[in-house]
Structures are given as structure tokens and as C-alpha cells.
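To start, I am sharing the structure in question, which I have written as C-alpha cells.
The values are calculated or read from the model by the stated rules, or taken from the named source; none is laboratory data. Being a predicted model, the structure only gives us computed values, none of them experimental. All Cβ positions, glycine included, derive from the backbone under ideal geometry; neighbour counts span all protein chains shown.
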Amino acid sequence: MSVLNAERIKLTSTKSPMWCTLIAVVVSIGLAVVVGAAMKSQYGAGFANPYNYTAAVTQMGAVQFGAMLVMIMAALAVTTEYRFGVIRTSFLASPNRSAVIAGKALLLSGFAAVLGLVVALAAFYLGQAASGLTIPLGDGDNARIVLGVPIYFALVAVFAVGVGTLIRQSAGAISLVLLWPLVIESMATVIPKVGKYIGEFGPFNNATYFLGQQNGGQFDFHWGPWGALVYFAAFVAVVFGTSLVVVNKRDA
């Protein structure tokens, strides 16, 4: 509990988490409202083709951009301490290094989950209001798509803490957590003959499939949406577990 309290003080007393949170909220909700308003402007109020505006569309901002800001915030929570040497003080105060890193991950994932829930619900309902449509939360996969966002936010926060612990440098850690979903997995899919199969095993591709963001049948995933979530969670666990092993072997 003392480790968690120390991490809480760090989180609430620095500016980067505040700015990342604010931008994540504005971008995630703002994009849902803008897209909804654009649909209403194009088709008119209560337009007849609701398939153009679904629960997954309301969550595009959160999944594509909000999650990126959560990863930046979580990575900086680790790399900033390495940059200014504060991590040494943390390890002196709590010699169990695994507990320190796990405390960061637990606090940040909890905060990210709450943020994800607020953002997802706000985007879902405000997006509908802007579009003039009603999309029942209980219909089809809507509940999974909307309520899956806080789960996704929590997992990417743990992933970013692990990456930050492994790399230690802010620029390198942020570059990796952003390039992995945006470039590495996307570029792998264009490799002739094998790209499609690589894409099916991309961790972030599976996460977005769980959240209903994989459209057009680009990949033939080997499991359903919940299996894709388990696959992504296993990937996060491997990265984070590796970081715990490494942090105990290297000098602070």
C-alpha cells in the first residue's frame, strides 16, 4: 500500500498525466461527436442507413487515439524517473523492484480503466446525440464494444509500463508503443503472401478486432473476439513479465 500511495502522489503531482488525460478525453469524445454530426449532416436526422454509424464508430477516437495517449502517459511514468534518477530513490525506499514496477502498473491500469469507462460512455451517448440516432447498448455486440474500451485502456497501460521499464528512455519507449500498432503491424500486413497471416497474429490487430474496429474481413482470426482479448492480454503479460525480470538484473 505504501508503494501504491507513493505512485499516486507521483501521478497526481506531475503535469504529463494531466495533459495526456485531458487530450485523450477531448480527442476521444470529440471525434465521436464530429463523426456523428457529419453523418447527420450528410444523411439527415435519423438517416435510414444506421450501418454507417455503429457503436464501434463512436469508439474510434478512444481506440485509435485515446489509447495512444494512455500509453504515452504510462511509459512516461517510468522513463521520467529513470531520466532524473528518481527511480534509484524508489528502489532504495522499496528494495523489491518488482513491487515498485507492479505498483506503477496497477495504479496506472486502474486509472486508465476508469478513464476508459468515462470516455467510452461519453463518446457513445454524445455521439448518438450528435447523429440523431439511437443505438441501444444492449443490442448485438454494442456492450462488448463500449465496455471493452476500459479493459483495453488498462491493458495498454500495463504494456507501456513494461516497455518503459525495458527501454528506460522516453523517446525510445514512446516511439515503440506508438509505432507498434500504427506502423509495425500495419506494414507487416503488406508483405506479399505472408502479410495476411502475420496480421492475424498481431496483438493490437486482435485487440481492435475485440473492439469491433476490424472491418472488411481483412483478417481471418483464429478465434472469436473474446479469444482475441485473451491473446492480447497474454502478449501484455509476456512484455510486462519480461520487464520485471530485466529490472531485477540491471543496475538502476
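I need a count of the residues in the stretch 228-252 that are loosely packed, with under 15 Cβ neighbours inside 10 Å and under 22 Å from Leu182 (Cα atoms).
Result for the stretch 228-252: 4.
Then there's this: Could you tell me which residue of the stretch 190-218 is nearest to Leu147 (Cα to Cα), considering only residues that are outside any helix (DSSP H, G or I) and within 17 Å of the chain's Cα centre (by Cα)? Explain how you work it out, then say what you get.
So the first thing to find is which residues in the stretch 190-218 are outside any helix (DSSP H, G or I), and the list is 190-194, 201-202, 211-218.
In the following step, the residues that additionally are within 17 Å of the chain's Cα centre (by Cα) were identified as 202, 211-214.
Details: Gly202: 22, Leu211: 9, Gly212: 12, Gln213: 14, Gln214: 17 Å.
Ranking the candidates gives Leu211 first.
Then there's this: I'd like the full set of residues that are surrounded by fewer than 21 Cβ atoms within 10 Å (Cβ to Cβ) and among the polar types (S, T, N, Q), limited to the stretch 13-38.
Ser13, Thr14, Ser16, Thr21
Just to check your reading of the model, which residue among Gly116, Gly162, Gly140 is under 22 Å from Thr12 (Cβ atoms) and either of a type outside the set (Ser, Thr, Tyr) or in contact (Cβ under 8 Å) with a residue 24 or more places away in the chain (or both)?
Details: Gly162 fails: under 22 Å from Thr12 (Cβ atoms); Gly140 fails: under 22 Å from Thr12 (Cβ atoms).
Among Gly116, Gly162, Gly140, only Gly116 is under 22 Å from Thr12 (Cβ atoms) and either of a type outside the set (Ser, Thr, Tyr) or in contact (Cβ under 8 Å) with a residue 24 or more places away in the chain (or both).
Another question, then. Inside the stretch 1-42, can you point out the residues that are basic (Lys, Arg) and either under 22 Å from Ala75 (Cα atoms) or outside any helix (DSSP H, G or I) (or both)?
Quick first cut of the stretch 1-42, residues basic (Lys, Arg) only: 8, 10, 15, 40.
Correct list: Arg8, Lys10, Lys15.
Restricting the first residue to the stretch 7-23 and requiring it to be free of Cβ contacts under 8 Å to residues at least 24 places away in the same chain, which pairs with a second residue that is surrounded by 14 or more Cβ atoms within 10 Å (Cβ to Cβ) meet a Cβ separation below 9 Å and a spacing of at least six or different chains?
Close Cβ pairs (under 9 Å, with a partner that is surrounded by 14 or more Cβ atoms within 10 Å (Cβ to Cβ)) amount to Trp19/Leu69; Trp19/Met73.
When the stretch 125-165 is examined, which residues are found to be at pLDDT below 90 and among the β-branched types (Val, Ile, Thr)?
Thr134, Ile135 - these are the residues of the stretch 125-165 that are at pLDDT below 90 and among the β-branched types (Val, Ile, Thr).
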